[in-house]
Structures are given as C-alpha cells and as structure tokens.
Amino acid sequence: MTMSYVAQIHSTFGDVEPRHILSLSGGKDSAALAIYLRDRIPQIEYIFHDTDKELPETYDYIARLEAILGKQIARTTPVDSFDHWLAVYRGMLPSNHRRWCTKMLKLKPFEAYVGDGPVINYVGLRADENRTGYISTKPNILAVYPFQDDGLVRADIIRILEDSGLGLPPYMDWGRSRSGCYFCFYQQKIEWVRLLEKHPDYFALALGYEEKAVQFGEQFFWCQSESLRDLAKPERVARIKSDWEKSQERKRSKRKALTLVETLGGLEVEDDSHLRDGCLVCSI
Ligand code: SF4
C-alpha cells in the first residue's frame with residue numbers, strides 16, 4: 001500500500017484494523033488486481049457477486065483465478081433471485097436508468113457481506129481510464145484504487161494476466177467486451193449478435209424475459225429501441241455486422257499504431273468507452 005492509503009485509512013478508521021476486500025466481477029481488471037495484491041496484502045478477502053445469470057465463461061474464469069490465487073473466492077449470491085426482483089419491479093427490465101439489478105443483486109449482498117465494521121474495498125480502475133460508476137457509499141467502506149495510485153495502465157493489466165497464466169477472460173475471444181449478466185443492457189448491438197451466435201440458448205432466455213414483460217402491461221426491451229426478436233432477424237444481423245465493420249474501419253484509420261501488447265491482448269476488437277457509466281461492481 002502507498003503512504004497515501006495508510007494516511008487515508010487512519011484518518012477514516014482510527015486504530016481499528018479494517019478488513020481488506022476485493023470484489024471480482026469476472027472482468028480482466030479486477031482479476032489482475034487480485035493477482036497484483038495477492039502477495040502485497042495476504043489477508044485480503046476475495047468475493048464474487050454471483051447473480052446466477054453470468055456467462056459460463058465467467059464462472060470458468062473465476063474458478064481458474066481461484067486456483068491461481070490459492071484462496072477461496074466467496075460467492076455473494078443474493079437470497080432473492082433476479083426473477084424475484086423482476087416480479088417485485090412488475091416486469092420492468094433493468095436499464096441504464098433503472099438499475100435495480102446492480103442494487104439488489106450486487107450492492108446489497110456486498111454490503112450484507114461487509115457488515116458495519118471498517119472495510120477497505122479495492123477497486124480495479126486503471127490509471128488510463130476515467131470511468132465513473134456505481135459503488136457502495138456506506139460510510140464504513142473506503143474505496144481505494146491501487147492501479148490508479150501506482151500508475152498501471154491497460155498494457156500493465158494484460159501483462160499481469162499473461163504472466164500469471166490466467167490470461168484474458170474467455171468471453172473476449174468471441175468479442176464480448178464485458179463481464180456481467182448474459183442479458184446485460186450495457187451490451188452493444190454487435191455483442192447481442194455475438195451472443196446469438198455463440199450462445200443461442202442464452203439469447204433465447206434474454207428474449208424470453210422481454211416477451212414475458214408484456215404480461216405486466218408494458219413492453220420493455222434490453223436494447224431500449226429494438227426488441228431482441230427484431231434484432232435476431234437475418235437481415236438485421238447482417239446490417240449490425242456491416243455497420244460495426246464500417247465503424248471499426250473508421251476507427252482503425254484514425255488510430256495510431258497499436259503496441260504489441262495491445263495487439264496480442266486482442267484489444268483492437270472493442271473499446272470500452274460505452275461502459276464509462278456502467279456499474280463498476282459489474283464490469284471491472
Ligand atoms: S451485469 Fe448488467 S444486468 Fe447484470 S447486474 Fe450488472 S448492470 Fe445489471
């Protein structure tokens with residue numbers, strides 16, 4: 001820990017020894033932070049907010065990370081499921097403006113796990129990003145950002161993951177940029193198309209949620225303006241792919257040459273600027 005943490009911790013908690021907790025999302029940055037802190041903070045507790053709606057690749061990644069850390073990752077699966085809360089919210093699917101899923105499935109279970117004692121919560125925001133997000137604001141929880149404090153950027157994170165043998169999350173192999181629920185509304189349309197092609201069963205489940213929402217008298221879409229049934233039509237899929245190719249071509253022509261590590265890490269596939277306002281607890 002840097003000196004600034006130590007000063008901050010003492011001014012916040014006095015002499016009480018806080019717990020050290022790192023929340024894993026299934027994403028690359030929190031995984032890299034877990035590895036980065038493993039030997040620096042041996043007493044650290046790792047937790048994974050399992051919504052029970054994650055991709056199979058995420059569960060595999062968490063299991064492999066657990067083996068590399070040599071320590072159990074506690075699962076904070078909420079008592080009440082997504083389906084329970086969906087009924088409570090009268091079929092209103094969550095969205096960027098109605099983010100009850102993060103609150104009920106991740107933040108509340110996190111706060112219940114933490115309790116009321118002092119806690120340092122390690123967050124994997126990098127020094128080369130300026131994301132804001134939705135994290136707990138309980139007064140006994142102090143959020144700290146070791147990668148930002150130590151100046152670690154995306155290339156450093158990839159290096160940590162490669163050196164550990166863990167590598168990048170396997171869903172990135174098929175072009176999904178983020179961790180989180182398979183139906184997450186933060187997906188780009190091209191990611192929905194990839195979900196349809198890679199995991200048609202999960203796509204069908206997401207579509208089922210949209211179509212069940214009608215029972216509550218109103219139609220909600222994961223993509224806001226377009227139903228998944230329309231998005232899955234062959235002509236629409238072809239259009240989304242071609243639009244995406246064109247946008248990538250425009251970006252490539254503007255972009256400076258990638259470093260070798262970025263190229264090896266496959267990061268030319270997506271940028272994650274669309275996640276800037278996403279919930280940190282889900283996507284880091
Ligand atoms: S991953 Fe997306 S859908 Fe799942 S809890 Fe987070 S914001 Fe909600």
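Points worth noting:
- Gyration tensor verdict on the range 1-96 (Cα atoms; rounded if a/c is under 1.5, prolate if a/b is larger than b/c, oblate otherwise): oblate
- Total charge dipole magnitude, the chain, about the Cα centre, Cβ charges on Lys, Arg, Asp, Glu only, Debye to nearest 20: 680 debye
- Between the listed residues Pro94, Ile44, Leu69, the Cα displaced farthest toward the positive end of the dipole of the range 1-145, a dipole computed from Cβ unit charges relative to the Cα centre, is found at Pro94.
- Overall form of the range 39-85 per C-alpha gyration tensor (a/c, 1.5; a/b vs b/c): oblate
- Pairs from Lys189/Lys241; Lys106/Lys198; Lys28/Lys138; Lys189/Lys233; Lys71/Lys108 whose Cα-Cα separation, in the structure shown, is over 20 Å: Lys106/Lys198; Lys28/Lys138; Lys71/Lys108
- Distant-in-sequence amide H partners of Leu24 (H built 1.01 Å from N, under 5 Å): Ile47, Phe48, His49
- Of the beta bridges in the chain, as assigned by DSSP with both residues counted there, near 10 percent are antiparallel.
- Gyration tensor verdict on the chain (Cα atoms; rounded if a/c is under 1.5, prolate if a/b is larger than b/c, oblate otherwise): oblate
- Of Ser253, Ser95, Ser164, the one that fluctuates the most in a GNM where the chain has Cα springs shorter than 10 Å: Ser253
- Max mean-square fluctuation residue, GNM over the chain, Cα-Cα springs under 10 Å, options Arg98, Arg131, Arg255: Arg255
- Where only DSSP H runs of four or more residues are counted, the chain gives -12500 deg cm²/dmol as its mean residue ellipticity at 222 nm, each run worth -39500 (n - 2.57).
- Lys/Arg +1, Asp/Glu -1 at C-beta; the chain dipole; positive extreme among Gly117, Trp222, Leu33: Trp222
- Most mobile listed residue (Tyr171, Tyr36, Tyr89) in the chain, GNM with C-alpha springs under 10 Å: Tyr89
Throughout, read-outs are computed from the coordinates displayed, never taken from laboratory work. Here the structure is a predicted model, which means the values were calculated and not measured. With ideal geometry, Cβ positions are generated from the backbone for all residues, glycine too; neighbour counts draw on all protein chains shown.
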